[in-house]
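Please treat every number below as a calculation from the coordinates, not as lab data. Model, not experiment: these values are computed from the prediction. Heads up, the Cβs are rebuilt from the backbone with ideal geometry, glycines too, and the neighbour counts pull from every protein chain shown.
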Amino acid sequence: MAAMTMSAVVGSAVGAAGMVTSGGGMGFAAGCAMGVMRMVGMARYGRRARWDDVPRRGAKWSVEKEPQHVFKSPRDIVREAEIHEALFVTKENAKDAVLVKDLLQKAEDHALLKVGTSGAPVPPQSGSEYVQGLTVLEAATLLNVDSANKLLMQLLFDTAFRIKERIYGNRIVLFAPLYVGSYCVNQCTYCSFRASNHAAPRGTLSNDQLVREVEALQRQGHRRLLLVAGESPKYSFEQTLEALQIVSQVRTEPCGGIRRINVEIPTLSVSDFRRLKATNCVGTYTLFHETYHRETYRRVHPAGPKSDYDYRLLTMDRAQTAGVDDVGIGALFGLYDYRFEVLGMLQHAQHLDQTYGAGPHTVSIPRIQPALGAPDSLNGGPNPVSDADFMKLVAVLRCAVPYTGMILSTRENPQTRKMLLHLGVSQMSAGSKTDVGSYSKEDKKANVLPEKCQEESQDMLAQFTLQDHRAMDEIVHDLMEDGFVPSWCTACYRKGRTGEAFMKIAKKGDIHNYCHPNGLLTLQEYLIDYASERTRALGEKVVQQESETIGSERAKQAYERKLKRINAGEHDLYF
């Protein structure tokens, strides 16, 4: 395939659409390395992929060039015997209403940094995100509480929501996933993209198609994207790096631009994590372990590089070693006992915090939904999680990791998502699609699917079935109607307020002097540039009401000055 410089790619896009800037750009894009890379990613839909060359177990999408690193044994990170014992010995305690109430009060005190897990006050300089959470035994006790016990469940829900409100306020950060390819060599039994599923159409986005997808997302008002790719030789890590560069440079009218790109891509070596970090384009690196239970993991990942439990679990250790300290973890609920998965995720998070001084920035809580040609995706998975248990585990996680962002996807229906917002969720996807090329599919020239596939339903082409099909504008309206502030803020990352710096703000209760006004400024941008008339009318009332809640008079005056500048046409103003 002919080689082409990145500037040529961007310049070509400018000539075709007149919507992409060349060179360094502004804001987020300014930090992105702009080098000479090869042109990649032509769409390959329309022909059946051959899977007889699937790499054997142990083959890696990313090759390690720094083999000298030694990490903790995975069996010492996720300690299965300890989890099972904790769930067993706390069964009786979970029936004691007085003990559970005391534990919930302790969880709230920990989250507000009134007391540490040892019983002593938390030192003002403490930067750990987990010293003020719950231990494995404490979390196990709450997970064992009967989900049908309305009194204790309401106490748990109320505690989780107070913790969330104290730390994150009423802001809900919005983003969308962007799939760049649906080829995969793994055989995950819950995913429609698994290698042996010949019923699923396959393809990758060309660079021009990638630009059109980003343009379509920007026209919805998106500022944050999650770049998603499977594991396949059909596209390489180098192509993913180039995709990051392209996404960061796309601009649309009136003022579209992506300010934060998170990635969910296959596990990387230390050496490739360094390359990812060097792009200066990446926000959070996300990777789900799917299930922390070894035997279940082995069964649902029968072949492909992903079948290596230990190598996948150590992914975040490699990331931290390479300087990628903003990471996100998650489990796919429905594969094994949800209580075990929550405790496994907690052990994983505590290991990262204790070893590297930085736990995961986010935890994700996807629940299995049906997927084409994926036997373990049916009926909620092998161990389906009821709505009541799902609500409980979300609330327990908020108490267990109070300062960690919690992400909810469009796997859940609008009613369930509405309930979970009151239990600790702080981020959610909006207007999401999980098939390749779907955002720009109304543009026939941009469509990457073969003609015979274009008439198929969204769910037949997607990685899994979506339950929330609302458009971005409708979600924004519904959030505001329910008392939340939709936010596209990226200020903390760009100002260095992460980890301990963020903790100091939260400890002082200063969240409303930073994140809240920043969220309102991004909301005002959305209302001016992208909102429907009914959403704009409601949003103006919300912005006015929420402006009054900014605690510091000095912060309020500074916010009002920036708000006037945004109303006058400026963008991307923040504290």
### Task
Please give the contour-minus-distance gain from R534 to E560: 0.36 nm per residue of separation, less the Cα-Cα distance, rounded to one decimal in nm.
7.0 nm
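Rounded, prolate or oblate for segment 296-427? Axes are the square roots of the Cα gyration tensor eigenvalues, ordered a ≥ b ≥ c, and the cut-off for rounded is a/c under 1.5.
The shape class here is oblate.
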### Task
Grab the other residues whose beta carbon is less than 12 angstrom from that of L479, score K and R as +1, D and E as -1, and report the net.
-1
### Task
Compute the separation of the alpha-carbon centres of segment 290-363 and segment 520-570 and state it in Å as a whole number.
39 Å
### Per-peptide average of other Cβ atoms within 10 Å, ordering 80-93, 415-428, 341-354 highest first
341-354, 415-428, 80-93
